[in-house]
1. State yes or no: is Arg60 among the basic types (Lys, Arg), outside any loop (DSSP other than H, G, I, E, B) and open to solvent by 80 Å² or more (accessible area, probe 1.4 Å)?
2. I need the full set of residues from region 44-55 which are of a type outside the set (D, E, K, R) and open to solvent by less than 60 Å² (accessible area, probe 1.4 Å), in order please.
3. Kindly indicate whether Cys16 is assigned to a loop (DSSP other than H, G, I, E, B) and in contact (Cβ under 8 Å) with a residue 40 or more places away in the chain.
4. Could you please find all residues in region 25-43 being aliphatic (A, V, I, L, M), open to solvent by less than 60 Å² (accessible area, probe 1.4 Å) and assigned to a loop (DSSP other than H, G, I, E, B)?
5. So which residues in region 7-25 are touching a Leu at 6+ places or on another chain (Cβ under 8 Å) and more than 14 Å from Ala50 (Cα to Cα)?
Amino acid sequence: MKVSVDPDQCEANGICVGIAPDVFELDDEDVLHIHSAEVPAERLADVEDAVAQCPKAALRLE
């Protein structure tokens, strides 16, 4: 599966970073970066949780 972010929807609250800091990162300008779009199978549950908890629905799994 792949994870992506809609930068127009993301408000950089960092919930996803708190759940999966090895997948998501906020830079000094509060821009969300994804370390690797391809989600490793062992991290899928946490990434699904991050997607579900995103208050602006800015994250997508495909």
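The values are calculated or read from the model by the stated rules, or taken from the named source; none is laboratory data. The structure displayed is predicted, hence computed values, not measured ones. Because the Cβ atoms are built from the backbone with ideal geometry, glycine has one as well, and the counts that use them run over all protein chains shown. What goes into the accessible areas is simple: the full protein's heavy atoms, side chains included, and nothing from ligands, DNA or RNA. Shrake-Rupley method; radii C 1.70, N 1.55, O 1.52, S 1.80 Å.
1. Details: among the basic types (Lys, Arg): yes; outside any loop (DSSP other than H, G, I, E, B): yes; open to solvent by 80 Å² or more (accessible area, probe 1.4 Å): yes.
Criteria met by Arg60.
2. Quick first cut of region 44-55, residues of a type outside the set (D, E, K, R) only: 44-45, 47, 50-55.
Within region 44-55, Leu44, Val47, Ala50, Val51, Cys54 qualify.
3. Working: assigned to a loop (DSSP other than H, G, I, E, B): no; in contact (Cβ under 8 Å) with a residue 40 or more places away in the chain: yes.
The answer is no for Cys16.
4. Here is the first cut: in region 25-43, the ones aliphatic (A, V, I, L, M) are 26, 31-32, 34, 37, 39, 41.
Keeping just the survivors that are open to solvent by less than 60 Å² (accessible area, probe 1.4 Å) gives 26, 32, 34, 37, 39.
Residues satisfying the conditions are Ala37, Val39.
5. Pro7
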